[in-house]
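Remarks on the structure that follows.
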Amino acid sequence: MNFVAAEALPAAAIPTAPAALALEATSINEWLMRMQEASRKRAYIGTYVVTFGGNMSSAKIWHVCEGDQQMERVETLTGAPRSIFRHNDRVVTFMPESKVVRSEKRESLGMFPDLLQSTDGRIADYYKLKPEGVDRVAGVAVNVVVLAPKDSMRFGYRVWTEQKQGLVVKLQTLDTDGKVLEQAAFSELQLDAPVRMDKLLHMMGKTDGYKLEQQPVLVKTTASAEGWVLKAPVAGFKPMSCYKRPAGASGSAAQDQPLQWIFSDGLASVSIFVEPLDRQRHDRESSMSMGATQTMSRQLGAYWLTVVGEVPMATLQLFASGLERKK
Amino acid sequence: MNSNLPNTPSDPLTREILSALADGELAGAEFAVALEACQRDGDAAFASWSSYHLIGDVLRSPASGLRVADAQFLARFNQRLNSPLSQPFGGQAYAQDSKAYSADLEPVAQKIQPAMVSGPDRRAASNDGSFRWKLVAGFASLAAVTSVAWNISGLSSPASTGQLAQAQLPLQQVLVASPQGPVLRDARLEELLAAHRQLGGRSALQEPSGFLRNATFENDGRR
């Protein structure tokens with residue numbers, strides 16, 4: 001799909017209303033698909049930097065794709081040293097300082113095409129694609145667009161994509177005033193780098209000398225089955241999944257483990273955690289902001305709620321006040 | 001364990017608490033409670049802190065003379081450290097500032113007669129030439145951690161420079177290492193954040209940006 005055509009769309013003659021909306025949905029979804037494909041297919045090595053407030057974290061990234069297999073290696077350059085390997089939806093994290101290795105399966109990875117299908121035109125209902133010209137980032141020529149939210153319940157995004165194929169090289173999360181909450185960008189990038197999947201797979205499997213940290217097997221459930229309902233749905237956000245944690249994750253009983261209910265509007269996600277109230281630990285309602293991620297905690301009857309998401313605090317509060325025990 | 005250490009946040013700040021804090025003997029809940037005591041007794045804390053280090057300096061320095069930081073200078077330095085924190089984590093910036101300030105401490109000279117000093121013979125917490133810098137850095141990180149803890153406990157920002165309001169640090173706070181220096185975080189919240197990153201990334205931006213961002217930034221202090 002020619003990205004230039006999508007960019008030219010807003011300037012074209014205005015079609016009839018339903019057709020216009022359909023075109024809008026198509027263009028935003030097509031843009032996202034193209035961006036996704038490029039990110040998967042292009043091999044690269046780069047230095048990735050995440051900044052918010054006065055904080056900066058960086059990592060070295062290797063990425064390669066062979067057929068339908070994707071491989072990434074992340075070496076953190078800031079804070080605790082970590083080597084993270086991803087092969088499709090399997091993620092292995094090495095922690096050299098404690099000699100612990102963690103292996104987990106992440107459902108959210110590799111589900112993108114299905115995600116687009118399930119959201120239909122939903123992303124276009126809540127976000128508008130606005131081209132912002134061209135620029136140069138990490139030595140490559142890029143196109144700049146803004147995914148502008150249509151209401152104040154979600155954040156916006158400014159995305160820089162490499163002109164030839166659409167790989168995302170820089171991404172800013174913008175709050176409701178358009179202020180930059182967080183930025184993730186390549187400071188240097190080597191495209192079409194000679195990354196070898198077999199070598200990365202080999203490194204991913206070298207767990208000698210490391211203690212394997214057992215990941216608790218999560219039980220998929222539904223909020224309804226667990227007795228919870230969101231009486232007032234939050235516009236744009238659809239429930240995606242719900243998980244229960246089994247007993248013994250940290251020595252506590254199963255019913256003390258928080259239930260996690262996940263929502264998404266296609267670009268942002270929110271997790272509601274519900275656990276039984278423990279007066280010793282749950283003594284203060286609070287909220288915290290870390291770049292794009294906002295969290296809030298409060299009591300709900302005999303339970304303690306923690307809501308986490310890359311959305312404005314007011315949206316988290318809507319989720320918290322909408323949650324109810326089933327009658 | 002020192003039985004003079006506070007058990008509850010309302011216990012008064014004592015020299016024992018401060019010396020244990022200065023010597024890095026406290027950790028976990030004790031550390032949090034000690035910080036809370038410092039916040040409450042701001043002025044007393046500063047006076048005790050200065051004299052504690054002065055005593056230490058005298059005991060470690062040659063008898064020929066001693067330089068001590070000008071109290072006014074340190075007060076201004078303190079103010080600068082406590083001035084508006086727009087970000088939750090400021091330790092990194094403070095540590096860098098303190099290096100510049102330690103050079104300034106040298107020209108400020110004031111002789112102290114060792115005979116006037118009385119106090120217990122504290123074990124040498126450090127006996128190298130960079131002790132003075134460590135004093136400043138230690139003070140800087142104390143102030144930074146105090147401010148960070150306060151921001152995280154969910155209260156509104158400080159009303160004025162240098163004046164930290166009453167802040168009860170909740171239990172279950174853990175001190176975790178982060179690139180920004182020591183930071184107080186709730187252990188359970190850390191787990192939930194990790195769970196959200198792991199399972200909650202249902203986003204068209206997850207690949208590669210969301211995943212890479214989480215992988216780069218994930219500093220949950222778990223070693």
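The values are calculated or read from the model by the stated rules, or taken from the named source; none is laboratory data. As the structure is a computational prediction, the values presented were derived from the model and not from experiment. Positions of Cβ are backbone-derived with ideal geometry, glycine not excepted, and every protein chain shown enters the neighbour counts.
Return yes or no: is A:Ala184 away from chain B (no Cβ under 14 Å) and modelled with pLDDT of 90 or more?
So A:Ala184 does not fit the description; no.
Look at the range A:81-97 and say how many of its residues are of a type in the set (D, E, K, R), facing chain B (nearest Cβ under 10 Å), surrounded by 14 or more Cβ atoms within 10 Å (Cβ to Cβ) and more than 16 Å from A:Ser58 (Cα to Cα).
Summing the residues that are of a type in the set (D, E, K, R), facing chain B (nearest Cβ under 10 Å), surrounded by 14 or more Cβ atoms within 10 Å (Cβ to Cβ) and more than 16 Å from A:Ser58 (Cα to Cα) in the range A:81-97 gives 1.
Picking from residues in the range A:148-164 that are touching a residue at least 60 places away in the same chain (Cβ under 8 Å), within 14 Å of chain B (Cβ to nearest Cβ) and within 19 Å of the chain's Cα centre (by Cα), the one that is surrounded by the most Cβ atoms within 10 Å (Cβ to Cβ) is A:Arg154.
Selection over the range A:80-110 of residues that are part of a loop (DSSP other than H, G, I, E, B) and over 27 Å from A:Met33 (Cβ atoms) gives a count of 7.
Somewhere in the range A:5-28, is a residue within 12 Å of chain B (Cβ to nearest Cβ), touching a Ser or Thr at 6+ places or on another chain (Cβ under 9 Å), crowded, with 20+ Cβ neighbours inside 10 Å and modelled with pLDDT under 95? Among the residues of the range A:5-28, not one is within 12 Å of chain B (Cβ to nearest Cβ), touching a Ser or Thr at 6+ places or on another chain (Cβ under 9 Å), crowded, with 20+ Cβ neighbours inside 10 Å and modelled with pLDDT under 95, which makes the answer no.
Conditions tested, residue by residue: (1) surrounded by fewer than 19 Cβ atoms within 10 Å (Cβ to Cβ); (2) assigned by TED's automatic domain parsing to the domain that holds A:Tyr303; (3) part of a strand (DSSP E or B).
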position	(1), (2), (3)
A:Glu188	yes, no, yes
A:Ala193	yes, no, no
A:Leu267	no, yes, no
A:Ser271	no, yes, yes
A:Val274	no, yes, yes
A:Gln280	yes, yes, no
A:Asp283	yes, yes, no
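If you go through the range A:294-326 and keep only what is within 11 Å of chain B (Cβ to nearest Cβ) and surrounded by fewer than 22 Cβ atoms within 10 Å (Cβ to Cβ), you end up with A:Met296, A:Arg298, A:Trp304. Taken over the range A:271-289, the criterion of being within 18 Å of the chain's Cα centre (by Cα) and more than 7 Å from chain B (Cβ to nearest Cβ) is satisfied by A:Ile272, A:Ser289.
Within the range A:135-147, can you find the residues that are exposed (fewer than 15 other Cβ atoms within 10 Å of the Cβ) and in contact with a strand residue (DSSP E or B) (Cβ under 6 Å, 6 or more places away or on another chain)? Outline the logic, then answer.
Keep residues of the range A:135-147 that are exposed (fewer than 15 other Cβ atoms within 10 Å of the Cβ), which gives A:135-136, A:139, A:141.
Within the range A:135-147, just A:Asp135 meets the criteria.
Being small (Gly, Ala, Ser) and under 30 Å from A:Ala314 (Cβ atoms) holds for only one residue in A:Gly178, A:Gly166, and it is A:Gly178. When A:Ser58 is tested against (1) in contact (Cβ under 8 Å) with a residue 24 or more places away in the chain; (2) at the interface with chain B (Cβ under 8 Å from one of its Cβ atoms); (3) in contact with a Gly (Cβ under 8 Å, 6 or more places away or on another chain), exactly one condition is not met: (3).
Of the candidates A:Val219, A:Val229, A:Val195, the single residue that is closer than 29 Å to A:Ser39 by Cα and either more than 19 Å from the chain's Cα centre (by Cα) or without any contact (Cβ under 8 Å) to a residue 60 or more places away in the chain (or both) is A:Val195. Of all residues in the range A:43-89, those being within 20 Å of the chain's Cα centre (by Cα), at pLDDT below 90 and under 18 Å from A:Thr293 (Cβ atoms) number 3.
Taking (1) closer than 26 Å to A:Pro96 by Cα; (2) in a strand (DSSP E or B) in turn, A:Lys206 satisfies each apart from (2). Note on the range A:291-327: residues that are touching a residue at least 60 places away in the same chain (Cβ under 8 Å) and of a type in the set (A, V, I, L, M, F, W, C) total 6.
For A:Gly227, indicate whether it is on the phi > 0 side of the Ramachandran plot, assigned by TED's automatic domain parsing to the domain that holds A:Val101 and surrounded by 12 or more Cβ atoms within 10 Å (Cβ to Cβ). It is false that A:Gly227 is on the phi > 0 side of the Ramachandran plot, assigned by TED's automatic domain parsing to the domain that holds A:Val101 and surrounded by 12 or more Cβ atoms within 10 Å (Cβ to Cβ).
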